[in-house]
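The values are calculated or read from the model by the stated rules, or taken from the named source; none is laboratory data. Computed from a predicted structure; not experimentally measured. Every residue, glycine as well, gets a Cβ built from its backbone with ideal geometry; the counts of neighbours run over all protein chains shown.
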Amino acid sequence: MNKKRVIIFGAGGHAKVVVDVLEQMGIYQIVGLVDDSVELKGTVRGGYSVLGTKDDLAGMSGAGIEGLIVALGDNYRRKLMFEEVERMGFRFVSAIHPSAVIGSRVRIGAGTLMVAGVVVNVDAEIGENVIVNTGATIDHDCRIAAHVHLSPGVHLAGRVSIGEASHLGIGAVVLPNISVGRHCIVGAGAVVRENLPDKAVAVGNPARIIKQNEVALGF
């Protein structure tokens with residue numbers, strides 16, 4: 001079987017997870033990594049060489065590279081890099097661990113990562129460049145916008161909506177029919193029982209808003 005040649009943008013801990021998922025899938029040949037850190041060029045991370053920085057990417061687009069995935073855990077860095085790489089003309093691949101359980105009529109956007117133990121139920125929609133981390137579950141009819149990060153052990157009940165670039169911490173729970181706005185941060189272990197507006201930072205059980213997401217004010 002001819003494997004698609006792909007590049008991973010990122011060379012940190014999150015990139016190691018992406019490497020593992022792509023290897024487990026068995027349909028991609030990882031050509032190497034690219035990272036913003038000039039110091040990493042020429043080093044080996046996760047068993048693969050760091051080929052250069054984003055400034056070197058343009059020269060790789062015509063070198064038989066068939067896809068790319070952005071492996072950055074920070075939502076805003078990942079969003080900006082996704083958009084920049086997209087303008088370069090790269091196609092994105094999604095990394096979905098073989099143990100993930102994907103229901104009928106689930107739609108998954110380009111460049112999305114689903115790690116081991118993920119469950120996505122029927123008729124859910126997941127946007128581009130999303131991270132669904134270890135053991136997270138997304139129930140029926142959920143809507144997950146682009147650039148979201150669902151941390152390990154997050155559980156979304158049915159018909160939940162998560163807005164663009166929001167980040168839900170480890171073990172957070174969102175109850176049925178609840179909407180979480182754009183650019184929100186939900187703390188680890190929080191239980192969201194009411195809708196959250198854009199840029200809310202919420203913690204606790206029940207989740208309460210403690211401030212605005214200042215990082216998101218420029219977006």
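Just a few scattered comments:
- Of residues in the stretch 165-193 being among the polar types (S, T, N, Q) and without any contact (Cβ under 8 Å) to a residue 24 or more places away in the chain, the one surrounded by the most Cβ atoms within 10 Å (Cβ to Cβ): SER179
- Residue ID - nearest to ASN75 (Cα to Cα), chosen from residues in the stretch 131-148 that are surrounded by fewer than 24 Cβ atoms within 10 Å (Cβ to Cβ) and within 13 Å of the chain's Cα centre (by Cα): ALA146
- Some residue of the stretch 121-128 being acidic (Asp, Glu), in contact with a Leu (Cβ under 8 Å, 6 or more places away or on another chain) and farther than 21 Å from GLU86 by Cβ: no
- A count restricted to the stretch 12-43 and to residues that are among the hydroxyl-bearing types (Ser, Thr, Tyr) and in contact (Cβ under 8 Å) with a residue 60 or more places away in the chain stands at 1.
- Restricting VAL118, VAL70, VAL18 to residues that are modelled with pLDDT of 95 or more and in the same structural domain as GLY171 (by TED's automatic domain parsing) narrows the list to VAL118.
- Candidates ILE178, ILE162, ILE209 - the one that is among the hydrophobic types (A, V, I, L, M, F, W, C), closer than 23 Å to PHE82 by Cα and touching a strand residue (DSSP E or B) at 6+ places or on another chain (Cβ under 9 Å): ILE162
- The residue of the stretch 67-114 that is farthest from the chain's Cα centre (by Cα), among those that are among the aliphatic types (A, V, I, L, M) and over 18 Å from ALA145 (Cα atoms), is MET88.
- Residues that are over 16 Å from VAL160 (Cα atoms) and among the small types (Gly, Ala, Ser) were ranked within the stretch 196-213; the one that is surrounded by the fewest Cβ atoms within 10 Å (Cβ to Cβ) is GLY204.
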